[in-house]
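Undergrad: Pasting in a structure now, in structure tokens, and then I'll have a few things to ask.
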Amino acid sequence: MCGIVGMLGNRNAVPVLIEGLKRLEYRGYDSAGVAVQHETELELRRAVGRLSELENELTQHPLSSTIGIGHTRWATHGEASVRNCHPHTASEGRLALVHNGIIENYQELKGDLAGKGFPFQSDTDTEVLAAHVADCTAEGDFLEGLRRALAGARGAYAIGLLSLDQPGVLYAARLGSPLIVGKGRDGVFIASDVPAILPQVDEVIYLEDGEVARLSGDGVEIWNLAGEAQELKWVKVEMEDSAVDSGGFETFMLKEVHEQTRVVRGLMDQYVKDGKISFPDLDMSVGHIRTLQRMMIVSCGTAYYAAMYGRLLIEHFTSIAVETDLGSEFRYRSPKIQPGTLVATVSQSGETADTLASVQMAKKAGCPILTICNVFGSSLVRESDHLIYTHAGPEIGVASTKAFTAQLMVFVLLTLHLAEARGELTPESREELLAELQKIPTAIHRVLENKEHIKEIASRHHDGPSSLYLGRRFNYPMALEGALKNKEISYQHAEGYAAGEMKHGPIALINESLPVICICTETEDEVAEKMISNVREVQARAGRIIAIATEGDQRLNDITRDIIFVPRTTECLSPLVNVVALQLIAYYAAQARGTDIDKPRNLAKSVTVE
Ligand code: AGP
């Protein structure tokens with residue numbers, strides 16, 4: 001959701017800015033722009049649509065300078081148009097600013113600034129912020145004025161700023177939106193994330209909330225909002241560039257779906273040593289684990305479905321009572337969380353605004369925070385007392401796949417860890433589950449090997465306006481996730497439902513044209529027969545059944561010919577395998593429908609606004 005990149009270096013910054021913006025494309029955007037600084041003017045190029053439009057603009061009207069800022073915009077205030085596109089300028093073009101986040105008091109500021117004669121061309125809060133900074137820096141020390149301007153802006157921001165009054169200087173600041181500073185052979189940089197400037201930098205600093213950075217020929221300096229100089233905490237960049245290319249796959253999503261075997265195995269290697277589970281960043285004593293009575297897991301979107309799975313597992317194996325809630329609901333209801341309740345969050349990006357606000361609320365209520373996250377140094381990570389990284393590597397496809405499977409895996413390991421510490425799991429059951437877990441990477445690999453069959457089924461059922469996904473117990477969250485994946489990338493309406501609830505409403509939808517994806521991998525437990533009965537209810541109404549079933553299970557043979565067989569595993573672990581089949585169904589449906597799979601319309605990778 002919006003991306004920032006900036007450079008001050010020893011060569012033309014424009015190609016680096018464009019390359020950086022391309023690397024930020026995955027976050028979602030609808031327009032883009034760059035600004036560069038010359039001695040007597042700031043020059044801008046902006047365009048609506050894909051970055052190729054901005055590149056065309058630059059071919060027709062080239063730009064060159066060693067200092068510049070760039071931005072991809074995901075519209076919040078005003079439609080996607082050139083006049084709303086960043087960078088925004090103020091003071092008759094003497095100052096240019098790019099911004100991620102939302103300035104909540106922009107109307108109020110705009111009124112004051114209009115009264116002072118500042119003209120406005122756009123509908124954006126960013127143009128108001130640019131004018132506000134210009135107003136505050138018009139006299140006196142520039143840095144002091146910038147700090148004053150930021151202190152008067154309510155909301156969230158990450159900014160990059162150029163001013164003709166500060167030649168050869170690039171300013172950056174953050175509050176609630178991520179921003180990093182980097183250095184490398186060719187200069188100093190700013191960006192929304194590490195992948196954006198990965199080829200350029202050796203070391204980065206993760207700016208803290210309230211910090212302002214000044215990048216110049218003298219290097220990097222950082223202050224907090226009170227004006228105190230901050231120590232520069234450079235971190236060596238360990239990420240490989242191969243982690244952010246599509247590695248020969250037709251899309252990042254397909255690459256990431258295939259990476260799941262490695263991600264799941266990697267998590268086992270990371271967190272299970274000599275048969276013992278330990279999380280280096282969890283920092284939670286056995287004594288604390290034993291006193292846990294309640295847990296609340298808060299997250300959004302796909303990560304919420306991982307939370308639902310986590311709840312099922314933890315309640316199945318321990319005596320801890322677990323609730324889940326969506327970040328956007330939790331923060332606006334009056335949750336009765338007792339101090340001491342462990343509040344857990346799950347997030348790929350670690351930047352999701354609603355999850356972050358929920359954490360801040362829970363902290364105020366005196367709750368310790370556990371975060372399960374994929375991004376090192378992200379905002380959620382900084383807010384947390386206890387931490388488990390999902391180590392899925394950068395996820396570029398907007399639709400989450402490997403990060404989700406990694407979240408599921410972390411929940412399995414966390415559950416075993418909690419149950420063991422509380423003495424609620426016999427050594428035999430623990431051994432048995434760990435042995436089953438060892439087989440999951442191979443099971444995922446087998447599903448991937450079956451992709452041509454899945455493709456054939458998906459391409460026969462992609463055409464209708466809608467589809468229904470059904471599952472029970474551990475696979476109910478997978479039905480929700482399968483439907484979400486389908487909606488996100490194929491744009492086919494899809495609904496996920498608890499199979500037992502179907503008769504209470506959605507059964508009215510079933511006819512011969514509705515594909516119904518039924519997750520039927522349970523074969524022995526108490527919901528196994530019930531799921532088959534639900535499938536028969538669909539069959540009786542002539543629904544188009546696509547079943548996911550366990551290899552060797554004959555029960556569906558007389559019900560449908562469209563069966564995707566997956567390797568047998570324990571029921572509680574089956575979501576880790578089944579979800580891969582669901583991802584592939586969505587993927588091939590989207591391919592048949594010709595959508596932009598890695599960058600689906602209207603979606604952003606990290607949702608940093610409410
Ligand atoms: C996943 O496919 C989605 N794009 C989306 O639902 C996502 O899971 C949600 O926005 C939460 O993001 P997070 O994991 O980064 O917090």
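The values are calculated or read from the model by the stated rules, or taken from the named source; none is laboratory data. The structure presented is a predicted model; accordingly, all values stated were derived computationally and were not measured. Note that we place each Cβ from the backbone using ideal geometry, even for glycine, and neighbour counts take in every protein chain shown. Surface accessibility is based on the protein's heavy atoms, side chains included, excluding ligands, DNA and RNA. Shrake-Rupley method; radii C 1.70, N 1.55, O 1.52, S 1.80 Å.
Undergrad: Want the number for His453 to Asp245: 0.36 nm per residue separation, take away the alpha-carbon distance, what's left?
TA: On the way: separation 208, 0.36 × 208 = 74.88 nm, distance 2.70 nm.
The His453-Asp245 span can extend by a further 72.2 nm.
Undergrad: Cut-off under 27 Å on the C-alpha distance; same-chain residues fewer than 8 positions from Lys336 excluded. Which lysines are left, in chain and number order?
TA: Candidates past the 8-residue exclusion: Lys363, Lys364.
Undergrad: Also: Quick check on region 246-443: of the DSSP beta bridges with both residues there, what percent are antiparallel, nearest 5%?
TA: 10 percent
Undergrad: If you don't mind, another one. Mind giving me the FRET efficiency for Thr40 and Asp281? R0 is 45 Å, r the Cβ-Cβ distance, nearest 0.05 is fine.
TA: My answer for the efficiency is 0.35.
Undergrad: How about region 362-456: which GluC sites (Glu not before Pro) there are in a DSSP loop, with at most 15 other Cβ atoms within 10 Å of their Cβ?
TA: Listed in order of number, the matching sites are Glu424.
Undergrad: Dividing the alpha-carbon Rg of region 394-546 by 2.2 N^0.38 Å yields what?
TA: So the Cα radius of gyration is 1.18 times the expected 2.2 N^0.38 Å.
Undergrad: What is region 432-508 by shape, rounded, prolate or oblate, if you read a ≥ b ≥ c off the alpha carbon gyration tensor as root eigenvalues and call it rounded for a/c under 1.5, prolate for a/b larger than b/c, and oblate otherwise?
TA: Since a/c reaches 1.5 but b/c is at least a/b, the shape of region 432-508 is classed as oblate.
Undergrad: A further question on this structure: Which number do you get for Rg(Cα) / (2.2 N^0.38 Å) in region 488-591?
TA: For region 488-591, the normalised Cα radius of gyration is 1.04.
Undergrad: Once you list every other residue whose beta carbon is under 11 Å from the beta carbon of Tyr588, what net charge do they have if Lys and Arg are +1 and Asp and Glu are -1?
TA: Working: positive: Lys451, Lys455, Arg460, Arg593; negative: Glu452, Glu456.
Net charge around Tyr588: +2.
Undergrad: Quick one, could you list the DSSP H helices from the chain stretching 24 Å or more along their long axis (Cα atoms) with average Kyte-Doolittle hydropathy of -1.0 or above?
TA: Result, helices passing both filters: 301-317, 402-421, 427-449, 574-593.
Undergrad: Show the residues, 5+ positions off or on another chain, whose built amide H is closer than 5 Å to the amide H of Gly49.
TA: Here Ser31, Ala32 satisfy the definition.
Undergrad: Answer rounded, prolate or oblate for region 285-423, using the Cα gyration tensor with square roots of eigenvalues a ≥ b ≥ c: rounded when a/c is under 1.5, else prolate when a/b is larger than b/c, else oblate.
TA: Oblate, because a/c is 1.5 or more while a/b does not exceed b/c.
Undergrad: Here's a follow-up. Please give every one of the lysines within straight-line cross-link reach of Lys236, meaning a C-alpha to C-alpha distance under 19 Å, and leave out same-chain neighbours fewer than 8 residues apart.
TA: Lys183
Undergrad: Measure off, as a whole percent, the carbon and sulfur share of the 1.4 Å-probe accessible area of the chain, all protein chains present.
TA: Numbers: 11030 of 23010 Å².
Carbon and sulfur atoms account for 48 percent of the accessible area of the chain.
Undergrad: Pairs of Cα atoms under 8 Å, at least six residues apart: use those to get the relative contact order of region 450-610, whole percent.
TA: Computed value for region 450-610: 30 percent relative contact order.
Undergrad: Please label the shape of region 1-124 as rounded, prolate or oblate, based on the square roots a ≥ b ≥ c of the eigenvalues of the alpha-carbon gyration tensor (a/c under 1.5 means rounded; beyond that, a/b larger than b/c means prolate, else oblate).
TA: Oblate shape, in that a/c is at least 1.5 and b/c is the bigger or equal ratio.
Undergrad: Provide the percentage of antiparallel DSSP beta bridges, counting only those with both residues in the chain; round to the nearest 5.
TA: Taking every DSSP beta bridge with both residues in the chain, the antiparallel ones total about 60 percent.
Undergrad: Further question: Between region 300-371 and region 374-414, how far is it from one alpha carbon centroid to the other, in angstrom?
TA: Comparing the Cα centres of region 300-371 and region 374-414, I get a distance of 14 Å.
Undergrad: Taking 0.36 nm per residue of separation and subtracting the Cα-Cα distance, what length does fully extending Lys364 through Ala540 add?
TA: That works out to 58.1 nm of additional length.
Undergrad: To continue, here is another question. Compute the distance in nm between two label points, each set 7 Å from the Cα along the Cα-to-Cβ direction, one at His61 and one at Thr570.
TA: Each label point is offset 7 Å from its Cα along the Cβ direction, giving 6.4 nm.
Undergrad: Run through region 88-162 and list the GluC sites (Glu not before Pro) located in a DSSP loop whose Cβ has at most 10 other Cβ atoms within 10 Å.
TA: Glu92, Glu139
Undergrad: For the residue pair Glu428 and His316, what label-to-label distance in nm results when each label sits 7 Å from Cα along the Cα-to-beta-carbon direction?
TA: Simple spin-label model gives 1.9 nm for this pair.
Undergrad: With a probe of 1.4 Å, find how much accessible area the chain has per residue, and write the answer as a whole number in Å².
TA: For the chain, the per-residue accessible area is 38 Å².
Undergrad: With an 8 Å cut-off on Cα pairs and a minimum separation of 6 or more residues, tell me the relative contact order of region 289-355 in percent.
TA: Over region 289-355, the number comes to 48 percent.
Undergrad: When the Cα atoms of region 3-242 are enclosed in a convex hull and the volume is divided per residue, what value in Å³ results?
TA: Residue-normalised Cα hull volume stands at 113 Å³.
Undergrad: Considering only Cα-Cα distances, which of the following residue pairs are longer than 22 Å: Lys402/Lys530; Lys402/Lys485; Lys485/Lys530?
TA: Flagged as over cut-off: Lys402/Lys530; Lys485/Lys530.
Undergrad: I'd like the distance separating the alpha-carbon centroids of region 521-585 and region 84-140, in whole Å.
TA: A separation of 57 Å, based on Cα centres.
Undergrad: Grab the Cα-Cα distance for Arg333 and Trp234, subtract it from 0.36 nm times how many residues apart they are, and report the gain in nm with one decimal.
TA: Once the chain is fully extended between Arg333 and Trp234, it gains 31.6 nm.
Undergrad: Determine the relative contact order of the chain: mean sequence separation of Cα pairs under 8 Å and six or more apart, normalised by residue count, in whole percent.
TA: This gives 12 percent for the chain.
Undergrad: Regarding region 95-199, what is the average projected area of its C-alpha convex hull, in nm²?
TA: 7.1 nm²
Undergrad: A follow-up question, please. Whole percent per 20 Å bin, from 0 to the bin with the longest distance: what is P(r) over all C-alpha pairs of the chain?
TA: 20, 49, 27, 4, 0
Undergrad: Per DSSP H run of n ≥ 4, the term is -39500 (n - 2.57); total these for the chain, divide by its residue number, and report the mean residue ellipticity at 222 nm rounded to 500 deg cm²/dmol.
TA: -11500 deg cm²/dmol
Undergrad: Straight-line reach from Lys451: which aspartates and glutamates have Cα under 17 Å away, leaving out those fewer than 8 places along the same chain?
TA: Here the aspartates and glutamates satisfying the reach criterion relative to Lys451 are Glu250, Glu256, Glu259, Glu551, Asp562.
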